[in-house]
Amino acid sequence: MRIKRCSANPIVQPGGFAWRKSNVFNPGVVMDNGVFYMLERAAGGLAPFITKIGLLKSHDGINFTHVKDEPVFTSEMIGLPYGSVQDPRVVKIEGLFYMAYAVRPYCIYARTPKNFNIKDAYPDWDGRKESNLTRSAIAVSENLITWKHIGFTTPPEIDDRDNILFPEKINGKFALLRRPIGGKYIGSPGIWISYSDNLKNWTEPEFVAGPKEQWEGAKIGGSTPPIKTDKGWLTLYHGVDENKVYRVGAMLLDLDNPANVIARTKLYIMEPHEDYEKVGLFIPNVIFPTGNVVSDGILYIYYGCTDTCIAMATVPLHEIMDYLMLEKV
Ligand code: BMA
């Protein structure tokens, strides 16, 4: 199997508008009527690192242009004026676009300057780490431009990100991959699944998969919205090792009961290799897929690099499926 990086990488870079001046990364991508739409996570500066979501489109999956000069989604829109919205994963279900994303109520990140006065900047925050955990939520849109908040998928007392909706209902219910940490979720962080009738009330998470190999030893999390194949749901996931290197693996989940893992790559299928994947403005050695599209039998994989720019790679769908079928669990 050969996953080919696009020769135009990084295909989307920061710049142009003030709100995306320093970083663009971890994009959701969805195809509609033959057009690729990308929801980029973007920051205007490193400190504080406030991220918003912009919308771009492309006819070839490589050259993207902005649909709007302004972000289409921000944390202000859900009543969190000091927050950051992160890592959108987008699917279309029964004619509507759904975005599952992570959100942090107050922007405190690694590069926040030492003299940054939290009390002045965020007067309504008690300053406790526990009241600023990363949660996840879902928004819905008819046109990818105007988004309506549906609700949070996770409670405030746990860190739960990498929330990803399946692109269709399973046994009549919406299905969501997630990565709860804290509370009763002990052990190495992994991938879990919940179901819902209305996208607001979710079933207790059921375990899907945890770290196994050294390259994913610290934690794993879902990456891209599952793609339906005749053999199962194909989904990419990320694995983080003890040195905080982010790599990519693939899984095949049972069509009727996706908590059953049918196949899983023992070895990673992508790792940071190019300069733009190894060095950036924020964190080194990170490739973080969040979007994928199948067009003419080719799987397009969209991924953030070092939380700084966006790259793309392709592989024929049958090649990755043949490879995975050799790795049945
Ligand atoms: C993860 C997520 C991603 C980010 C990655 C590397 O935990 O928060 O948004 O790209 O770390 O910093």
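Below is a table of values for the structure above.
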item: Accessible area per residue in Å² at 1.4 Å probe, computed on the chain; result: 43
item: Inter-part distance where the stretch 256-328 and the stretch 225-254 are each reduced to a Cα centre, Å; result: 7
item: Loop-located GluC sites (Glu not before Pro) in the stretch 242-307 whose Cβ has at most 10 other Cβ within 10 Å (DSSP); result: Glu242
item: For the stretch 165-218, average projected area of the Cα convex hull in nm²; result: 4.5
item: Cα-based convex hull, the stretch 92-235, per residue volume (Å³, whole number); result: 155
item: Neighbour-limited loop hits for trypsin sites (Lys or Arg not before Pro), the stretch 244-329 (at most 13 other Cβ within 10 Å; DSSP other than H, G, I, E, B); result: Lys244, Lys266
item: Percent of Cα pairs exceeding the 33 Å cut-off, where the set is the chain; result: 19
item: Loop-located trypsin sites (Lys or Arg not before Pro) in the stretch 124-181 whose Cβ has at most 10 other Cβ within 10 Å (DSSP); result: Arg128
item: Accessible carbon and sulfur surface of the stretch 166-322 relative to its total accessible area, %, 1.4 Å; result: 49
item: Over 30 Å (Cα to Cα) - which of Lys119/Lys278; Lys92/Lys184; Lys4/Lys244; Lys184/Lys231; Lys173/Lys278; Lys21/Lys200 fall in this group; result: Lys119/Lys278; Lys92/Lys184; Lys184/Lys231; Lys173/Lys278; Lys21/Lys200
item: Charge dipole magnitude, Cβ of K and R +1, D and E -1 - the stretch 147-279, Cα centre, debye nearest 20; result: 240
item: Reciprocal mean inverse distance between Cα atoms of the stretch 192-255 - Kirkwood radius, Å; result: 13.0
item: The stretch 111-166 and the stretch 1-63: distance between their alpha carbon centers, rounded to Å; result: 21
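The values are calculated or read from the model by the stated rules, or taken from the named source; none is laboratory data. Worth saying up front: this structure is predicted, and the values here are computed from it rather than measured. Here the Cβ is made from the backbone with ideal geometry for all residues, glycine too, and neighbour counts use every protein chain on show. Note: accessible area is taken over every heavy atom of the protein model, side chains too, but ligands, DNA and RNA are not part of it. Shrake-Rupley method; radii C 1.70, N 1.55, O 1.52, S 1.80 Å.
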